[in-house]
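Worksheet for the structure shown next.
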Amino acid sequence: MEVNDGWQAIGYMKCVVESIARVTLEINGTPGAPEKFESNVKTAHELLRSQPGRELAHEDPFGTMATQASKMAIALARARNEYGSGHGKPRVPQLAQEMVVLALDGGLLWSRWALRRLGFFVEGRPEP
């Protein structure tokens, strides 16, 4: 952010979300495909959303908030494709600071939510 590299930050944020989703799917025994970002995140979200745990909020409006966070995370794919790193862009895209911050906030919101649930999701599963 300090060196005006927001396009790279968006690309990295998408990678963080994708990694969390694919780790979740791997733990579930149903590895995700690299080219299926949206479906991987949606499936991982559903697995984590339905995860029981005495410290986890399932009821509305909190369940709705988590689902909206997943939609923000999914939108990172399009943001990265249009404004982020990768795909051999001929020039660095012009990004307003707010665009970068919004993309990072959305990705981090879902990532933090998912990581808090991942421990409950792993509990009781056989070692790989």
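Using r as the Cβ-Cβ distance of Tyr12 and Ser39, and R0 as 22 Å, what FRET efficiency do you calculate, to the nearest 0.05? Efficiency computed from Cβ-Cβ geometry: 0.55.
The dipole here belongs to region 50-98: it is taken about the Cα centre, uses +1 on the Cβ of Lys and Arg and -1 on the Cβ of Asp and Glu, and is about 380 debye.
Tell me whether region 6-56 comes out rounded, prolate or oblate; compute the Cα gyration tensor, take square roots of the eigenvalues as a ≥ b ≥ c, and use a/c under 1.5 as the rounded threshold. Since a/c reaches 1.5 but b/c is at least a/b, the shape of region 6-56 is classed as oblate. The loop-placed trypsin sites (Lys or Arg not before Pro) in region 1-72, going by DSSP, that have at most 15 neighbouring Cβ atoms within 10 Å of their Cβ come out as Lys36, Arg54. If you compute Rg and Dmax of the Cα atoms in Å for the structure shown, which of [x] 15.6, 50; [y] 28.9, 109; [z] 15.0, 45 do you land on? Read-out from the structure maps to [x].
Of the GluC sites (Glu not before Pro) found in region 1-104, those in coil by DSSP whose Cβ has at most 14 other Cβ atoms within 10 Å are Glu2, Glu35, Glu55, Glu59.
Remark: region 36-128 carries a charge dipole of roughly 320 debye about the Cα centre, counting +1 on each Lys and Arg Cβ and -1 on each Asp and Glu Cβ.
Computed from Cα positions, the angle between helix 6-28 and the longest principal axis of the chain comes to roughly 20 degrees. Between the helical axis of 37-49 and the longest alpha-carbon principal axis of the chain there is an angle of about 30 degrees. The GNM of the chain, with springs linking C-alpha atoms under 10 angstrom apart, assigns the highest mean-square fluctuation among Gln68, Gln51, Gln94 to Gln94.
Using only Cα atoms, find the angle between the long axis of helix 62-74 and the longest principal axis of the chain, and express it within 0 to 90 degrees, rounded to the nearest 10. Between helix and principal axis, roughly 40 degrees. Between Gln97 and Ala77, what is the label-point separation in nm under the 7 Å Cα-to-beta-carbon projection? If labels sit at Ala77 and Gln97, their model points lie 3.2 nm apart.
None of the figures in this text is laboratory data; all of them are computed from the coordinates on show. Nothing here was measured: the structure is a model prediction, and the numbers come from that model. Note that each Cβ is placed from the backbone with ideal geometry, even for glycine, and that neighbours are counted across all protein chains shown.
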